[in-house]
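Notes to accompany the following structure.
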Amino acid sequence: MSEDRLFVGPASSIAEVLLDQNLEKPLDYSIPPDFLPLIRPGFRVEVPVRGHLLQGTVFLIKNATDRAVKPLSRLLPEESSLPEPLWNLALWMARYYCCPLQRTLKCLTPPSIRKEIRPRIVQQVCLILSRPDAAALCSQLRIRQSAQAAVLEAILASPRPPTIGQLVHGLELSRSAIATLVKKKAIRLEAVSEEDLMEADFFSTQPKTLNPEQLSCLQKIDASLTSGQFAAHLIHGITGSGKTEIYLQAIQRTLDLGKSALMLVPEIALTSQTIERFRARFGLKLALLHHRRSLGQRTEAWESLRSGGVKIAIGARSAIFSPAKNVGLIIIDEEHDSSYKQSEEMPAYHARDVAVMRAKMEKAVVILGSATPALESYYNAQIGKYILSTIKVRATAASLPTVRIVDMKIAMDRTGGFTHFCQELLDGIKMRCETGEQTLLLLNRRGFHRMQLCAECRHIVKCPHCDLSLTFHREANELRCHLCNYLTSPLKECPTCRSRSSLEFRGFGTEHVERSLHAIFPEVRTLRMDRDTTRGKDSHEELFKQFRAHKADVLIGTQMIAKGFHFPSVTLVGVLNADAALQIPDYRSSESVFQLLTQVAGRSGRAELAGEVILQTFMPEHPMLKLAASQDFSAFYERELDERRLFGFPPFCRLIKIVFSGPDERQTSETAARFRQMLLEMAPQDAKFMPPLPSGHPKVKDLYRFQFLIKTNQVPLLSELIAALRLEFSRSRKISILVDVDPISTFF
Ligand code: ADP
Ligand code: ZN
Ligand code: ZN
């Protein structure tokens, strides 16, 4: 072995490095003396591995190693590694969510940072001369140097400095003329990010005078902020009660204290309407983080936060990992929203819970806000872990809508057959069309028909790759799988009994509702919003804008329409199948139905116009629907909490769900059973192991899925046991194991 490879160093000179690719143990490397002052855990480095240079992260720095080691080759730029607070957060997440650290690190670092992609910078052309001087120069140049005159003219005519691209490509002006003018010191070029240019226009707003409830809430938050200690606040305020105004003022206080703020909203609520409200108060001093932005834009946002140049971050779930400096405040709006949970991938983290942990670690204040807080959050407030503020009145004059439950059995008896709409709803829609008000119709199922079924032999046409019936989409005339997007033409012949006349369509989706409404009211103008009509990057927002601009009388959609948008002219909300989700066998289904109904009801009557909500159901006596209709959160909460206590569900214990998926059904189910048995033998007595079962979607994309649940009060201990066992099982590559701590669905 050559000299440089054998290195057993002095104190604190060995680094354990986790390679990006490798999921096993870290490797030891010696730290060359000139790296020593810079290096710390979390630092990104390049190391030699079997003749190649690979990237990794320093996990630990220690004094000695028992083997011969090579030195680190290179420290990657400081910006590519996580700031210390985030590194500590990653360590906690990896342990708590039982996820390998490499994978957790990947989740915390945007891909753009890893790949070192630069943001897109454009050159803006600004005048150095005063406008009169420039105009004089322009007329002087017009005779001999008309190209330069044209450039000056264009700059003078533009409301704000144009970019080189706009001048050269848009107006076909000469690039060399621009260069000459720069040399003459008439103009200069300024590098700006494309982003700032696009979003430079906004109207600014002033803080509003808070009403007494808002004020008392802000004062409590203020006290926490100035104390410089960790505190968690829960704002329970109905839709339109002015929570956002409180957030805005709390952010301002945070900035005044010289700290930064993170603002999280559900993915779907991250519309320009939301962003504009923040821009209108804070101008360009905020960084936007969401997946619709280019890698370059995200890199730029990341770096501006990290350097402290920008102190406010706004984004969806992953914005909780913003590298903002000196975080003083974290806000989670609509904290009950399921999009904060990453369920399909590890780490299966919940941004709200990570937020609380991050706030604890950084001695920051966290604000959770919702009209329908998650049961766990409300419980935490009741037992004094969170500071509760309740806002009962709407901030503007708007009153709460009246809610009516309509029994669809009676409605259908009256029409003598199937109908999507009860008479009350039809009358209501008609009236809104006449008065120029608007209606929202919610149906939690997209497509035209739910499935194709053989009336002879009851065969249901299913996806060949998933255990799910295919949905008929009429506009495209195809059957589609809603799990894997498999497409096929509607069948002409039953594949089992070969009957050519017995195939029927059953069940209805949004597409069918839209057509039925047109059949009843040919004049009605509708828009439909579901995953089929919102595939494009901004189509979701585009539809919202059209509806707001009154391009339609009725917006029909899935639960997407229930969230995050203000429609001043909506005065009627119809929920076509209010009970559908109650049939999902999950301990949280009542809660989700209550939340969805309350959210969608909150869309009605937000401005000066009073609102009305109609809930259609086949279960008019269901207590959860009655509670939703009376919008009685405390009654809902008490009732639901009793059930959870009785059956032993969160918040009275924690859940861990472990999902196994593999191509072979038997092997997958056996692995699940074996894993469960081995874990059971190691686990503490109080952990309760539910039996292994096929998942709610038992087969997805040709992979069979089995799962089991554990109820426990010792998550960290179990996570550790599971991590070890998972590593052992991961040698067989065929079956993947997903660990979901605090799952939000126990069925799917
Ligand atoms: P939430 O976030 O709870 O749904 P918002 O903050 O969006 O509520 O407030 C609803 C409406 O009331 C907004 O148009 C907002 O500008 C207005 N508003 C909020 N607080 C006040 C206030 N103190 N005085 C006047 N208008 C207010
Ligand atoms: Zn058949
Ligand atoms: Zn499928």
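The values are calculated or read from the model by the stated rules, or taken from the named source; none is laboratory data. Remember, predicted model here, so these are calculated numbers, not experimental data. Here the Cβ is made from the backbone with ideal geometry for all residues, glycine too, and neighbour counts use every protein chain on show. Accessible surface areas use protein heavy atoms only, side chains included; no ligands, DNA or RNA. Shrake-Rupley method; radii C 1.70, N 1.55, O 1.52, S 1.80 Å.
From the residues A549, A135, V593, which one has its Cα farthest along the dipole of the chain in the positive direction, the dipole being from +1 and -1 charges on Cβ of Lys/Arg and Asp/Glu about the Cα centre? Result: A135, furthest along the dipole toward the positive end.
Built from the Cα atoms of region 121-198, the convex hull projects on average onto 4.8 nm², one quarter of its surface area. Within region 366-468, the chymotrypsin sites (Phe, Trp or Tyr not before Pro) that combine a DSSP coil assignment with at most 10 other C-beta atoms in a 10 angstrom radius are F418. Rolling a 1.4 Å probe over the heavy atoms of the protein chains gives the chain an accessible area of 45 Å² per residue. The translational diffusion coefficient of region 654-741, from Stokes-Einstein at 37 °C and 0.692 mPa s with a Kirkwood hydrodynamic radius over alpha carbon pairs, comes to 254 µm²/s.
Residues of region 547-587 with an amide N closer than 16 Å to a point placed 7 Å from the Cα of F521 along the Cα-to-Cβ direction: 547-548, 550-557, 569-576. Assuming charge only on the beta carbon of Lys and Arg (+1) and of Asp and Glu (-1), the dipole of region 121-198 about its Cα centre is about 480 debye to the nearest 20. Applying 1/(1 + (r/R0)^6) with r as the Cβ-Cβ distance of S174 and R645 and R0 = 60 angstrom yields a FRET efficiency of 0.20.
Stretching K363 away from S634 to a fully extended chain increases their span by 94.4 nm, per 0.36 nm per residue minus the current alpha-carbon distance. How big is the gap, in Å, between the Cα center of region 201-254 and the Cα center of region 47-69? If we compute the Cα centre of each part, the gap is 48 Å. Positive end of the dipole of the chain (Cβ unit charges, origin at the Cα centre): among P620, Q124, V715, the Cα lying farthest that way belongs to Q124. Here the chain is assigned +1 on the Cβ of each Lys and Arg and -1 on the Cβ of each Asp and Glu. Its dipole about the Cα centre then comes out at about 1200 debye. Taking GluC sites (Glu not before Pro) across region 460-562, the ones in a DSSP loop with at most 13 further Cβ atoms lying within 10 angstrom of their Cβ are E475, E493, E523. Of the trypsin sites (Lys or Arg not before Pro) found in region 475-520, those that fall in a DSSP loop while having at most 13 other beta-carbon atoms within 10 Å are K492, R498, R500.
One chain, two ends: L215 and R144. Fully extended at 0.36 nm per residue, the span grows by 18.9 nm beyond their Cα-Cα distance.
Cα centroids of region 337-412 and region 562-626: how far apart, whole angstrom? Result: 16 Å between the Cα centres. Extending 7 Å from Cα along the Cβ direction at L76 and again at D413 yields two label points whose distance is 6.8 nm.
Summing charges over neighbours of D407, with a neighbour being any other residue whose Cβ is under 14 Å away from its Cβ, gives 0 when K and R count +1 and D and E count -1.
The length gained by stretching the chain between R535 and F729 to full extension, at 0.36 nm per residue less their Cα-Cα distance, is 66.1 nm. What part of the accessible area of the chain, given as a whole %, is carbon or sulfur when the probe is 1.4 angstrom? Carbon and sulfur: 53 percent of the exposed surface of the chain. Pairs with C-alpha atoms separated by more than 31 Å, drawn from the list K285/K551; K243/K285; K208/K259; K430/K462; K360/K657; K626/K699, are K285/K551; K430/K462; K626/K699. Note on region 212-391: with charges restricted to the Cβ of Lys and Arg (+1) and Asp and Glu (-1), its dipole about the Cα centre is near 520 debye.
Taking other residues whose beta carbon is less than 12 angstrom from the beta carbon of K699, and scoring Lys, Arg as +1 and Asp, Glu as -1, yields -1. Backbone amide hydrogens, once placed in the peptide plane, bring M451 within less than 5 Å of F472, R506, excluding anything fewer than 5 places away on its chain. Between the listed residues A147, N577, T226, the Cα displaced farthest toward the positive end of the dipole of the chain, a dipole computed from Cβ unit charges relative to the Cα centre, is found at A147. Going through the cross-link list K341/K688; K25/K62; K363/K385; K311/K363, which pairs have a Cα-Cα distance over 19 Å in this structure? From the list (K341/K688; K25/K62; K363/K385; K311/K363), the Cα-Cα distance tops 19 Å for K341/K688. Label sites at E424 and A549, each approximated as a point 7 angstrom past Cα along Cα to Cβ, lie 3.6 nm apart. Computed with a 1.4 Å probe over protein heavy atoms only, the accessible area of F59 comes to about 70 Å². Calculated mean residue ellipticity, 222 nm, the chain: -10000 deg cm²/dmol, from DSSP H runs (n ≥ 4) at -39500 (n - 2.57) each, averaged per residue and rounded to 500.
One quarter of the surface of the convex hull around the alpha-carbon atoms of region 230-374 equals 8.1 nm², the direction-averaged projected area.
Distance between the C-alpha centers of region 439-485 and region 125-172? Whole Å please. About 59 Å separates the Cα centre of region 439-485 from the one of region 125-172.
Considering only Cα atoms, the convex hull volume of the chain works out to 230 Å³ per residue. Each of K185 and K325 was given a label point 7 Å from its Cα along the Cα-to-Cβ line. The distance between the two points is 3.4 nm. With every protein chain in place and a 1.4 angstrom probe, the accessible-area ranking of T205, T526, largest first, reads T205, T526. When a/c reaches 1.5 or more, the comparison of a/b and b/c decides; with that in mind, is region 466-530 rounded, prolate or oblate per its Cα gyration tensor? It is oblate, given that a/c is not under 1.5 and a/b is not larger than b/c. Excluding same-chain neighbours fewer than eight residues apart, the aspartates and glutamates reachable from K701 by a Cα-Cα span under 18 Å are E344, E345, D467, D664, E665.
With R₀ fixed at 60 Å, the C-beta to C-beta distance from V192 to T390 puts the FRET efficiency at about 0.85. Amide H to amide H, with H built 1.01 Å from N, F649 comes under 5 Å of no residue 5 or more places away or on another chain. Computed over the alpha-carbon pairs of region 608-665, the distance histogram in 10 Å steps reads 17, 28, 25, 20, 9, 1 percent, short to long.
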